[in-house]
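Peer 1: After the structure tokens below, expect a handful of questions from me.
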Amino acid sequence: MSEINVRQATAAEARRIADFNRALAMETEGLALQESTVMAGVQALLAHPERGNYLVAETGGVVAGGLLITYEWSDWRNKMFWWIQSVYVKPELRGRGVYRALYEKVAALAAADGNVCGFRLYVHKDNARAQEVYRSLGMEQTPYLIFEDLL
């Protein structure tokens, strides 16, 4: 596999990111997300970088995958946690270091920022393969559970 380049996504890539997000939801949770809603959500984030930013990984001239970084203020640490979300790598390119390159870019950006105390992600409880990948990169499962109340 050729070199993997990780960079900020551009607004012109909104459709690709939305497609990745829809594929992720279908693959991991069997959810068929509404295309127009996902596209609007991606475009809204790209228009407001204070909410987060997308990274994409390219190899051999192909966008192989991407992820979203969002921010959470920690009053306990007086710094930010970055949340890694919407992780997707094309199935035919998995196991070739694409996510590792994305993860290492997040780590480098967080370290350079100076106001980040760590990064977190959540993963579906049944996605054993992803959990294995995250552990292999040094991430640890926390004792926290996620609760939600959808409006």
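Peer 1: Which number in (1) within 16 Å of Leu24 (Cα to Cα); (2) over 9 Å from the mean Cα position of the chain (by Cα) marks the one condition that Gln85 misses?
Peer 2: (2)
Peer 1: What pairs come out if I take residues in segment 101-129 that are free of Cβ contacts under 8 Å to residues at least 24 places away in the same chain and pair them with residues that are of a type outside the set (A, V, I, L, M) whose C-beta lies under 6 Å away, six or more apart or interchain?
Peer 2: Listed by first residue and then by second, the contacts come to Val123/Gln131.
Peer 1: Which ones in segment 1-29 are charged (D, E, K, R) and crowded, with 19+ Cβ neighbours inside 10 Å?
Peer 2: Arg22
Peer 1: If the requirement is being in contact with a Lys or Arg (Cβ under 9 Å, 6 or more places away or on another chain), loosely packed, with under 15 Cβ neighbours inside 10 Å and in a helix (DSSP H, G or I), which of these qualifies: Arg135, Arg129?
Peer 2: Arg129
Peer 1: For segment 35-42, indicate whether the set of residues that are at pLDDT 95 or above, surrounded by 11 or more Cβ atoms within 10 Å (Cβ to Cβ) and in a loop (DSSP other than H, G, I, E, B) is non-empty.
Peer 2: no
Peer 1: Kindly indicate whether Ala130 is aliphatic (A, V, I, L, M) and touching a His at 6+ places or on another chain (Cβ under 8 Å).
Peer 2: Values: aliphatic (A, V, I, L, M): yes; touching a His at 6+ places or on another chain (Cβ under 8 Å): yes.
Spelling it out, Ala130 is indeed aliphatic (A, V, I, L, M) and touching a His at 6+ places or on another chain (Cβ under 8 Å).
The values are calculated or read from the model by the stated rules, or taken from the named source; none is laboratory data. Bear in mind the structure is a predicted one, so any value in this text is a computation, not a measurement. FYI the Cβ positions are ideal-geometry reconstructions off the backbone, even for glycines, and counts take in every protein chain you see.
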